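Inspection log for the structure reproduced underneath, given as structure tokens.
The values are calculated or read from the model by the stated rules, or taken from the named source; none is laboratory data. Only a predicted model underlies this, so the values are computations on that prediction, with no experimental measurement involved. Counting neighbours? That spans all protein chains shown, and the Cβs are built from the backbone with ideal geometry, glycine included.
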Amino acid sequence: MKEYTLYATMGAGFESVVAKELNNLGYETSTENGRVFFKGTQKDVVKTNLWLRSADRIKILLKEFKAFSFDQLYDEVYSYDWAELLPVDAQFPVKGRSVRSKLHSEPDVQSIVKKAIVDKLTDQYRRRGFLPESGAEYPLDIHIYKDVARLSLDTTGQSLFKRGYRVEHGGAPLKENFAAGLIELTPFDGSHPFIDPMTGSGTIAIEAALKAKNIAPGIWREFAFDNFDWFDKKIHPELVEEAKTKEKQEHAPILASDIDQSILEIAKVNAHNAGVLQDIKFKQVAVKDFATDLENGVIIANPPYGKRLKDREAAEKIYEEMGQTLRPLSSFSQYYLTSDPQFEKFFGARATKKRKFYNGNLRTDYYQYWANKR
């Protein structure tokens with residue numbers, strides 16, 4: 001089977017998390033900002049799309065070259081054997097980014113790449129006029145950084161955070177792969193209790209349950225590669241069946257609570273869709289009233305950020321209540337994501353460690369309080 005240079009993309013700050021996931025799946029990796037590179041065949045394309053919890057996409061690197069002029073960009077793109085990759089009726093949208101490069105106009109970069117591919121395909125398929133672009137989609141990407149261009153094919157389609165279990169509703173829940181990445185930064189493996197005391201629509205608790213049960217996060221969905229005409233159609237269903245044999249039933253308790261019963265009902269629907277409703281104990285309780293006899297586990301919460309002044313005052317009161325009820329649970333490793341730089345002051349303790357992330361465009365800190373094991 002042909003071996004490709006592959007790379008996973010991810011949100012800023014999650015590079016080491018994705019690299020560790022890939023290492024655990026058996027791949028040797030190299031990392032740069034926003035990308036982790038590895039080698040693999042079509043089987044590895046399927047495997048990584050199925051199993052990576054914290055990545056965004058898996059891409060095949062088609063070509064890498066220097067591009068100082070539009071003529072050079074056109075010639076390099078034209079020289080690729082596009083008929084090997086794209087059937088005559090392929091839809092091939094081109095996304096482009098250019099950073100710190102001579103060719104800085106992204107619309108121009110995209111249109112030159114598109115034109116070069118169209119010209120090559122019309123030559124290769126001996127077509128006159130337009131290509132139909134009525135068939136399967138092959139999403140292409142051109143990224144130029146410091147005048148080095150990379151052409152790649154996206155094998156994922158909709159981002160990997162689109163697991164397929166979450167019902168849409170108001171509010172701004174964490175993306176599934178973001179929640180999974182937060183969990184990957186803790187010691188949680190399903191053998192110790194897990195608590196999300198402000199669960200909202202349940203994403204963090206559901207991702208914890210998927211990890212505890214060793215359920216492949218991409219098991220329910222389709223990917224872009226499913227529609228590539230040269231891709232072996234047997235691999236995906238075979239690896240899905242193999243993934244099902246690796247699922248576990250036994251794990252330590254997973255608790256998810258929230259003050260809002262209506263949002264808990266949404267969380268339960270999401271958990272049901274993910275096949276883990278029976279694995280999570282949902283309870284309506286305010287964080288100030290939270291109590292547990294469990295020990296030696298992990299707590300993760302994404303409390304309200306309070307971006308407006310009135311909301312911030314309410315959020316800071318919640319941080320105080322969290323400190324009063326959760327801080328005494330010192331046998332738990334505790335992890336809190338918020339954009340409030342005063343969080344430690346109101347929670348009542350300095351974090352062992354902080355990590356910076358962007359939740360969408362919002363700068364957040366991940367406050368980590370490591371446990372005193374009993």
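Assorted remarks:
- Filter pass, S339 being under 25 Å from the mean Cα position of the chain (by Cα) and either exposed (fewer than 14 other Cβ atoms within 10 Å of the Cβ) or under 27 Å from G190 (Cα atoms) (or both): no
To keep it simple, each residue is scored yes or no on (1) touching a Ser or Thr at 6+ places or on another chain (Cβ under 7 Å); (2) surrounded by fewer than 15 Cβ atoms within 10 Å (Cβ to Cβ); (3) assigned to a loop (DSSP other than H, G, I, E, B).
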position	(1), (2), (3)
P107	no, yes, no
V113	no, no, no
D123	no, yes, no
L151	no, no, no
Y165	no, no, yes
A180	yes, no, no
I204	no, no, no
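- The single residue among P197, P187, P217, P173 that is modelled with pLDDT under 95 and either surrounded by fewer than 19 Cβ atoms within 10 Å (Cβ to Cβ) or not β-branched (V, I, T) (or both) turns out to be P173.
- Hey, E84 in a strand (DSSP E or B), modelled with pLDDT of 95 or more and surrounded by fewer than 18 Cβ atoms within 10 Å (Cβ to Cβ) or not: no
- Residues being touching a residue at least 40 places away in the same chain (Cβ under 8 Å) and part of a helix (DSSP H, G or I) - total across the stretch 233-274: 14
- Strands (runs of 3 or more DSSP E) lying entirely in the stretch 9-66 (those with 3 or more residues that are within 12 Å of T155 (Cβ to Cβ)): 57-66
- Taken over the stretch 275-307, residues that are in contact (Cβ under 8 Å) with a residue 40 or more places away in the chain, of a type in the set (S, T, N, Q) and within 13 Å of D258 (Cβ to Cβ) amount to 1.
- Evaluation of H192 against (1) in contact with a strand residue (DSSP E or B) (Cβ under 8 Å, 6 or more places away or on another chain); (2) of a type outside the set (G, A, S); (3) closer than 21 Å to L22 by Cβ (one fails), failing number: (3)
- So D279, is it surrounded by fewer than 21 Cβ atoms within 10 Å (Cβ to Cβ) and modelled with pLDDT of 95 or more: no
- The lone criterion from (1) modelled with pLDDT under 95; (2) under 26 Å from the mean Cα position of the chain (by Cα) left unmet by V298 is number (1).
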